[in-house]
Amino acid sequence: VLSHADIDHYNALPGLLERFPIGVVYISPMMFDPVATGGDLTAPNYLRDCLAAADIPLREIWMGDRLRTGDADVTIEVHHPPREGLMARDNANSLLLSVEFGGRRILLPGDLESPGIEQVIADPPLDCDILLAPHHGSPLSDPPGFAAWCTPEWVVFSGGDRDRTTLSQHSYQRAGAVVRHTAASGAVSFDLRRQTATKAATFRAN
C-alpha cells in the first residue's frame, strides 16, 4: 500500500520488486492527479512504468474499502480519502489505514495533513493502540487534535532529528501515549498477541 505520491514513501519499491513477490499495489485515488502532485508526475509515472514492466497491477482504494489478508483474524480498513479525493495536495489525500488484530488497532496515516486531517477528525473518534504519527509528527498534522481523536497508547515518529518537535511529542504524551522516535530509538517493532499486553522493542536502548 502506497499512502500518497511523495517520493520518500515509495522510492524503494523498484528495489523491492527485485527481492520480493508482490501481487498488487494499492494507491490513493489522487496518486496520479496533477492537482495533488503540483503538476509534476515524473516520479509517479516512473513508478507506474516499473510496475507495468513487472506485470503488477495498480488498484485505487478509498474510504470504506477493506483489504483481504491471508489471516481472517486480521482486518484492514481504509478511512481516508473519499473516492473523489480532495482538491488539495497529496499529503491531504494520504491513505489512512486501520489494521486490527486480537483486539488491537494500528493506525497508519501516511503524511495526512490539512485539509484532510480535519475531515478525518470530524468523524467519530477511533481509539487505537499504536499510531505511526502522521507526516513524521509535523505540526501541520494537528498533533493535539489527532491525539485527542485517536488516543493512542503508543506513538512512533519516523524521521531524523530535524523532524523532532516538542509540540508534537508533548501533544501525544498529554493524551497518555508512550512516544518513540526513530531518530533516538532506531527501528521500533511491536509484538501483538491475543490477551497479552503490547510489547515494544527498539533497535537502540531508550
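The values are calculated or read from the model by the stated rules, or taken from the named source; none is laboratory data. Here the structure is a predicted model, which is why all the values come from computation and not from measurement. Please note: Cβ atoms are built from the backbone with ideal geometry, for glycine as well, and neighbour counts cover all protein chains shown. The area values use the complete protein model at the heavy-atom level, side chains included, leaving out ligands, DNA and RNA. Shrake-Rupley method; radii C 1.70, N 1.55, O 1.52, S 1.80 Å.
Where in the stretch 100-206 are there strands (runs of 3 or more DSSP E), lying wholly inside it, with at least 2 residues that are within 26 Å of R66 (Cα to Cα) and touching a residue at least 12 places away in the same chain (Cβ under 8 Å)? Break it down stepwise before answering.
Details: elements: 104-108, 130-132, 154-157, 178-181, 188-191, 199-202.
Of the strands (runs of 3 or more DSSP E) lying wholly inside the stretch 100-206, those with at least 2 residues that are within 26 Å of R66 (Cα to Cα) and touching a residue at least 12 places away in the same chain (Cβ under 8 Å) span 104-108, 130-132, 154-157, 188-191.
Could you run through the stretch 182-200 and say how many residues are over 12 Å from E153 (Cβ atoms), open to solvent by less than 50 Å² (accessible area, probe 1.4 Å) and within 20 Å of the chain's Cα centre (by Cα)?
Summing the residues that are over 12 Å from E153 (Cβ atoms), open to solvent by less than 50 Å² (accessible area, probe 1.4 Å) and within 20 Å of the chain's Cα centre (by Cα) in the stretch 182-200 gives 5.
Please give the number of the condition A52 fails out of (1) crowded, with 17+ Cβ neighbours inside 10 Å; (2) free of Cβ contacts under 8 Å to residues at least 12 places away in the same chain.
(1)
Could you say whether any residue in the stretch 82-91 is touching a residue at least 24 places away in the same chain (Cβ under 8 Å), open to solvent by less than 40 Å² (accessible area, probe 1.4 Å) and touching a strand residue (DSSP E or B) at 6+ places or on another chain (Cβ under 8 Å)?
Scanning the stretch 82-91, I find no residue that is touching a residue at least 24 places away in the same chain (Cβ under 8 Å), open to solvent by less than 40 Å² (accessible area, probe 1.4 Å) and touching a strand residue (DSSP E or B) at 6+ places or on another chain (Cβ under 8 Å), so the answer is no.
Return the residues of the stretch 1-27 that are open to solvent by less than 60 Å² (accessible area, probe 1.4 Å), part of a loop (DSSP other than H, G, I, E, B) and in contact with a Leu (Cβ under 9 Å, 6 or more places away or on another chain); say none if nothing qualifies.
Those that are open to solvent by less than 60 Å² (accessible area, probe 1.4 Å), part of a loop (DSSP other than H, G, I, E, B) and in contact with a Leu (Cβ under 9 Å, 6 or more places away or on another chain): S3, H4, A5, Y10, I22, V24.
Tell me, please, whether a residue that is within 19 Å of L41 (Cα to Cα), modelled with pLDDT of 95 or more, in a loop (DSSP other than H, G, I, E, B) and open to solvent by 40 Å² or more (accessible area, probe 1.4 Å) can be found in the stretch 55-78.
Going residue by residue through the stretch 55-78, those that are within 19 Å of L41 (Cα to Cα) are 57-60.
Filter again for modelled with pLDDT of 95 or more, leaving 57-60.
Filter once more, so that each one left must be in a loop (DSSP other than H, G, I, E, B): 57.
From what's left, open to solvent by 40 Å² or more (accessible area, probe 1.4 Å): 57.
Yes, the conditions are met somewhere in the stretch 55-78.
So, of the residues in the stretch 23-41 that are at pLDDT 95 or above and among the β-branched types (V, I, T), which turns out to be nearest to the chain's Cα centre (by Cα)?
The extreme case among them is I27.
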